[in-house]
Each structure stands twice: as structure tokens, then as C-alpha cells.
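Inspection log for the structure reproduced underneath, given as C-alpha cells.
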Amino acid sequence: MYERKVRVLSLASLVSLIGAVACGDDVSIPSPPDVPPAPGVAGPAWSSFARDPQHTAVGAVASQDLNRIAWLAPLDLAPQQTNGELLVHYGSPVITSFNTVILPVKTGAAGGFRIEARSGVNGGLIWSADSDYLPPPHDWLPSYNLALTSSNSLYAPASGGKLLARDQADSEAGTVRSLVFYGAANYAANPAAYDGTVFIDTPITIDSAGNAFFGFRVTGANPANLVGGIARIDASGAGGWVAASGAANDSAVVKAAMNSATGSESTPIRRIWPISSRAQTPRSEKARPMSTRKWPTRPTASMAEMERRPIA
């Protein structure tokens with residue numbers, strides 16, 4: 001029972017730190033635990049935004065009174081307040097089935113991100129890796145979200161619409177590699193063109209087969225002729241994409257809505273429900289859920305449609 005308490009409270013302590021800053025309190029950024037990581041504890045994982053591909057946010061470990069902080073680690077090393085308010089959306093930590101808590105850490109005033117894997121028992125650092133992710137144009141800073149596959153590989157957003165992938169998320173040793181849904185060769189030929197125009201703008205949804213889905217925004221011309229839409233990268237690293245207008249069957253829809261994760265009908269995902277933003281709205285950042293259209297339960301994109309975009 002004590003081991004399960006640690007799993008819950010370690011995540012709760014992170015939320016309490018964010019809340020204190022967000023409320024405008026004068027808080028200092030605490031130093032994370034400087035201890036060797038404790039041995040892992042087996043239990044159910046929290047693998048992504050709202051835990052699972054359906055985003056149910058239902059934990060498999062019972063909660064308890066939040067009357068103790070197991071450990072603290074900051075998610076923002078340079079919080080910026082505007083008129084006493086913190087205009088930031090923070091990404092969800094993920095927890096492996098071996099109780100490794102993996103944190104998306106903001107390192108700079110306007111961005112800059114690092115991934116930290118810490119022991120859920122005592123917060124000791126197991127491994128860390130930097131990301132070159134650049135946020136899309138925004139008012140509030142959008143969230144930087146991580147996701148775990150069922151085989152315990154970690155995915156994280158990177159610049160130019162890339163994903164970072166690291167196998168064996170609990171292991172101290174591991175290699176981080178890049179996956180590009182429109183083709184690694186395309187990106188390598190002109191990284192600056194993609195870094196400046198293609199931005200992941202939603203959490204990552206992963207099904208049981210290891211297919212990763214995410215929304216992306218395009219702000220200008222690029223060599224691959226990408227436009228805003230939804231991308232898929234499968235477990236082998238092969239990718240594809242569908243334009244937001246095609247997924248929504250609406251030419252006015254030009255991008256996936258910021259911070260809005262795609263949801264799945266089944267596992268592995270056969271059809272998905274994206275959340276979209278229209279071009280013709282008083283405020284372009286305002287999300288328009290597909291479920292408010294004429295067909296609230298109708299799927300809006302199929303795997304076949306997503307695969308119609310060939311990768312050069």
C-alpha cells in the first residue's frame with residue numbers, strides 16, 4: 001500500500017508546485033531531489049495526456065488525502081507572469097509501469113524544453129534529454145506533452161514537426177532518435193524551412209500498436225507543401241498525414257486546434273476524432289470541436305485517408 005501511495009503523491013506534488021506559481025504567489029523554484037534514484041515499483045502506467053487514447057483521465061491507482069508531499073521538482077525553470085498571472089499551459093507528466101515519472105520541463109522564459117525521467121519513489125534523476133521543440137504562435141504558451149507506447153518507448157515533440165523517440169524509458173542508458181512524418185530526408189535537406197513553419201500543437205495520442213497521432217500547424221510555405229493537419233507515425237517510424245480540411249470535410253478548417261488531442265474510436269486506432277480550428281473566426285485560436293458539427297459521433301478521418309499522402 002505504501003508503494004502505491006508514493007506513485008500518486010509524487011505526481012500530486014508536481015501539480016501543487018504549478019498551482020502555487022499560477023496563483024501568483026511569491027514562490028521560489030525549488031531544487032529537485034539530488035539523490036540516487038530508488039528502485040522502481042510495479043504498477044499501472046499513466047501513459048499520456050489524460051492517461052489513455054480515449055483520454056478518460058481515469059487512474060488505475062486509488063487516490064488518497066493530499067496531506068504529504070513525497071518530493072518536488074519544477075516544471076518551469078523561468079516562469080513569466082503577466083499582471084500577476086502565469087499565461088502557460090503545462091504538459092502532463094507520464095508515469096511508466098515501473099514508476100518512472102517523466103517530466104516535460106520548460107527551461108527558458110519563452111520556451112526551451114528538457115525531458116527528465118525521475119524515480120517516482122524519491123525523485124532521483126534517472127536520465128534527461130533536451131528537445132529542440134519550438135512552440136507555434138500563441139497567446140498562452142501551449143503545453144509540451146509527452147507520451148508512452150505500450151512497449152515503454154517515449155515520444156516527445158521536437159522542432160519542424162519531428163518526434164523524439166527513446167526506447168526503454170526506465171533505463172538510464174538509451175538513445176534518442178528523431179522521427180519525421182513527412183520524411184527524414186525532406187527535413188535534412190532544409191531544416192530551417194521546416195523549423196520555421198511546421199509546429200506540433202497538440203498532445204500525442206498513441207494506440208496499442210504504437211501508432212502516434214498528433215496535430216500540427218503550418219505557418220508558411222515549405223518544400224514538402226505541408227499544410228496544417230494531423231500526422232501519424234507508426235511503430236516502425238513510417239509516417240503520413242492528412243490535411244485538417246480533409247479530415248473535417250470543410251475547406252475552412254486549416255489546422256488542428258491548439259492543445260486539443262485527437263481521440264480514438266478503438267485500440268489500435270482505426271478512426272480518430274480531431275479537434276479543429278477554422279480560418280474564418282473572430283479569433284483564430286478559438287477551438288471548434290468536431291462534435292459541435294452536424295455529426296457528433298461520426299469519425300472524421302480514417303487510416304486510409306491519412307495514408308493517401310505519400311512520403312517522398
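Each value in this text was obtained by applying a stated rule to the coordinates, not by laboratory testing. Here the structure is a predicted model, which is why all the values come from computation and not from measurement. Cβ placement follows ideal geometry from the backbone for every residue including glycine, while neighbour counts extend to all protein chains displayed.
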Practice task
Compute from the Cα atoms of the range 127-274 the Rg and the Dmax, the latter being the longest Cα-Cα distance, and quote both in angstrom.
Solution key: 14.6, 47
Exercise for the section: Kindly write out, for the range 128-144 in residue order, the coupling ³J(HN,Hα) from the Karplus curve 6.51 cos²θ - 1.76 cosθ + 1.60 (θ = phi - 60°), rounded to whole Hz, with x marking Gly and Pro. Expected result: 8, 8, 7, 10, 8, 4, 10, x, x, x, 7, 9, 6, 5, x, 6, 10
Exercise for the section: Please report how far the C-alpha centroid of the range 41-70 lies from that of the range 94-163, rounded to the nearest whole angstrom. Expected result: 17 Å
Exercise for the section: For residue 257, enumerate residues with amide H under 5 Å from its amide H, sequence gap 5+ or separate chain, H modeled in the peptide plane. Expected result: 275, 276, 277
Practice task
Beta carbons within 10 angstrom, averaged per residue: use that to sort the peptides 90-100, 152-162, 69-79, highest first.
Solution key: 152-162, 90-100, 69-79
Handout entry: Radius ratio Rg over Rh of the range 63-194, counting only Cα atoms, Kirkwood formula for Rh
Key = 1.00
Handout entry: Segments 249-260, 182-193, 203-214 sorted - mean Cβ within 10 Å per residue, highest first
Key = 203-214, 249-260, 182-193
